[in-house]
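Asker: Sending over a structure as structure tokens; questions will come in a sec.
The values are calculated or read from the model by the stated rules, or taken from the named source; none is laboratory data. A quick note: this is a predicted structure, and the numbers were derived from the prediction, not measured. Reconstructed Cβ throughout: ideal geometry from the backbone, glycine too, with neighbour counts over all protein chains shown.
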Amino acid sequence: MNAASKKLRVLLVDDSSFMRKVLHAIVSADPQMEVVGQARDGNEAITMAQTLKPDVITMDINMPHLDGLQATEQIMTQNPRPIVVVSSETRDGAASTLVALELGAIDFVSKPSSGIDLDMNSVGEELNRKLKMAAKVHVVRTASRRKAQSGDTRHSVSASAAHEQIPAVPEGSRLPVVVIAASTGGPAAVMQLAADFPRKLPAAVVLVQHMPASFTSQYAVQLAGMTELQVKEASTNEALAAGVLYVCPGSHHLRISAKGRIVLDNGDRISGYRPCADVAMETAAEWAGAMATGVVLTGMGNDGSRGAQAIYSAGGSVFVQDEKTSVIFGMPAEVIKTRCVTQVLPLGEIAGAIENRVRQLACAPQGALP
């Protein structure tokens, strides 16, 4: 097989002829990829996905006739292909992108807000890297979204409201804390996981999802519609409370202080990541000891492996998503290599394992943790 036949075949979907031209130039500049088609709307995207059978698709969201969400849903239902969403960083753009990820899209790249020229070349390297990664994913028919049912009490709350309804831990005391690390494939995985948590989970839950800062606040809003936990984007200096899920802002690292309070730090990347899950897990282990639980879900890279070791060494538990249910098995696999793992579980069984563990911890005397 010659080199040309090994190229990744990319279908571009965007209603803007200028953007298609820019995307074509970016993709074609990489010797490992080639553009095999360009669709102007969702209807063309569905047809070309079927006839051209591309290895990966770039998907715009706002298009005439049939938008990117509808196209993603139909492709992932009828003829699944790896999809990377190319979206704006506006609030509406973030919300739509997160829905696309729920529907089965693998990843996303944000269009830079650089005015009329839409300088996509500034994110060209990121786009090509994510296209290559997405093309390796074995996609399945998905396009199923979890929706909050009428009558649900699922909602997002402010820090003050959360602490009025569920008392924060007293200064100097500990409570079970769960730190979840996720990257590629994580938004949909976390939504599924969070949907299985009970409202009165006796633990604080901290989520470190690799995601741009402009997306995490919207993600917290959408997560709130999927879970009975109270959900909020974390704020610095607030005390941890049971039954609350804190989403780490994408612009900051999250640490847990010696008094059980959240500390946000917008410093440099750590080991290539910001936010860095290792930081949150290591500080959770320092504060909570055996009452800390680490959870590492789908994602590329090794973030969470150091943190998992810290939690495990402190007597805490570490749950890792299995390969079969992971979009990308990189982060879970790296934790497994450390042998600091309590259980490797399918995504659907992780919430139950966490609940069992934290209920044991909440009922145990401080000096006799299980």
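Asker: Is it fair to say residue 231 is closer than 20 Å to residue 356 by Cα and assigned to a strand (DSSP E or B)?
Answerer: No; evaluated as a whole, the condition is false for this residue.
Asker: How many of the residues in region 88-122 are part of a loop (DSSP other than H, G, I, E, B) and either under 22 Å from residue 299 (Cβ atoms) or modelled with pLDDT under 70 (or both)?
Answerer: Number satisfying all stated conditions: 11.
Asker: Out of 358, 279, 295, 341, report the one residue that is touching a Phe, Trp or Tyr at 6+ places or on another chain (Cβ under 6 Å) and within 22 Å of residue 175 (Cα to Cα).
Answerer: Testing whether each residue is touching a Phe, Trp or Tyr at 6+ places or on another chain (Cβ under 6 Å) and within 22 Å of residue 175 (Cα to Cα) leaves just 295.
Asker: Here is a list: 245, 254, 264. Which entry is under 15 Å from the mean Cα position of the chain (by Cα) and either in a strand (DSSP E or B) or more than 17 Å from residue 178 (Cβ to Cβ) (or both)? Before you say what the answer is, go through the steps one by one.
Answerer: Details: 254 fails: under 15 Å from the mean Cα position of the chain (by Cα); 264 fails: under 15 Å from the mean Cα position of the chain (by Cα).
Going through 245, 254, 264 in turn, just one is under 15 Å from the mean Cα position of the chain (by Cα) and either in a strand (DSSP E or B) or more than 17 Å from residue 178 (Cβ to Cβ) (or both): 245.
Asker: For residue 198, all conditions in the list (1) touching a helix residue (DSSP H, G or I) at 6+ places or on another chain (Cβ under 6 Å); (2) not in a strand (DSSP E or B) hold save one; what is the number of the exception?
Answerer: So residue 198 meets the others, but not (1).
Asker: If a residue must be more than 18 Å from the chain's Cα centre (by Cα) and either part of a loop (DSSP other than H, G, I, E, B) or free of Cβ contacts under 8 Å to residues at least 60 places away in the same chain (or both), how many such residues does region 272-307 contain? Give the steps one after another, and end with the answer.
Answerer: Looking only at region 272-307, we keep the residues that are more than 18 Å from the chain's Cα centre (by Cα), and these are 282-293, 306.
Next, only the ones that are either part of a loop (DSSP other than H, G, I, E, B) or free of Cβ contacts under 8 Å to residues at least 60 places away in the same chain (or both) stay: 282-283, 285-286, 306.
Within region 272-307, residues that are more than 18 Å from the chain's Cα centre (by Cα) and either part of a loop (DSSP other than H, G, I, E, B) or free of Cβ contacts under 8 Å to residues at least 60 places away in the same chain (or both) number 5.
Asker: Residues 283, 293, 325, 298: which one is in the same structural domain as residue 189 (by TED's automatic domain parsing), among the polar types (S, T, N, Q) and farther than 22 Å from residue 346 by Cα?
Answerer: Going through 283, 293, 325, 298 in turn, just one is in the same structural domain as residue 189 (by TED's automatic domain parsing), among the polar types (S, T, N, Q) and farther than 22 Å from residue 346 by Cα: 283.
Asker: Now a separate question. Consider residue 283 carefully, then state whether it is farther than 28 Å from residue 83 by Cα and buried (at least 18 other Cβ atoms within 10 Å of the Cβ).
Answerer: Working: farther than 28 Å from residue 83 by Cα: yes; buried (at least 18 other Cβ atoms within 10 Å of the Cβ): yes.
So residue 283 fits the description; yes.
Asker: Please determine whether any residue of region 203-220 is touching a Leu at 6+ places or on another chain (Cβ under 6 Å), surrounded by fewer than 24 Cβ atoms within 10 Å (Cβ to Cβ) and touching a residue at least 12 places away in the same chain (Cβ under 8 Å).
Answerer: no
Asker: Here is a further query. Evaluate the following for residue 327: is it modelled with pLDDT under 95, buried (at least 24 other Cβ atoms within 10 Å of the Cβ), hydrophobic (A, V, I, L, M, F, W, C) and outside any helix (DSSP H, G or I)?
Answerer: Yes, satisfied.
Asker: Looking only at residues in region 228-256 that are β-branched (Val, Ile, Thr) and farther than 22 Å from residue 351 by Cα, which one is modelled with the lowest pLDDT?
Answerer: Within region 228-256, the match that is modelled with the lowest pLDDT is 236.
Asker: Report the residue count in region 1-58 for those that are aliphatic (A, V, I, L, M), part of a helix (DSSP H, G or I) and within 27 Å of the chain's Cα centre (by Cα).
Answerer: Matching residues across region 1-58 total 7.
Asker: May I ask you to list pairs of residues, at least six apart or on different chains, whose Cβ atoms are under 6 Å apart, with the first in region 62-77 being touching a residue at least 40 places away in the same chain (Cβ under 8 Å) and the second being among the β-branched types (Val, Ile, Thr) and crowded, with 24+ Cβ neighbours inside 10 Å?
Answerer: The qualifying pairs are 68/61; 72/83.
Asker: In addition: Across region 306-317, what is the number of residues that are touching a Ser or Thr at 6+ places or on another chain (Cβ under 8 Å) and crowded, with 24+ Cβ neighbours inside 10 Å?
Answerer: The qualifying residues number 4.
Asker: Additional query: So is residue 341 outside any strand (DSSP E or B), touching a His at 6+ places or on another chain (Cβ under 8 Å), more than 22 Å from residue 188 (Cβ to Cβ) and touching a residue at least 24 places away in the same chain (Cβ under 8 Å) or not?
Answerer: no
Asker: Inside region 331-370, can you point out the residues that are buried (at least 19 other Cβ atoms within 10 Å of the Cβ) and either modelled with pLDDT under 95 or among the basic types (Lys, Arg) (or both)?
Answerer: 357, 361
Asker: Taking residue 64 as meeting all but one of (1) modelled with pLDDT under 95; (2) farther than 30 Å from residue 224 by Cβ; (3) surrounded by 20 or more Cβ atoms within 10 Å (Cβ to Cβ), write down the number of the exception.
Answerer: The failed condition is (3).
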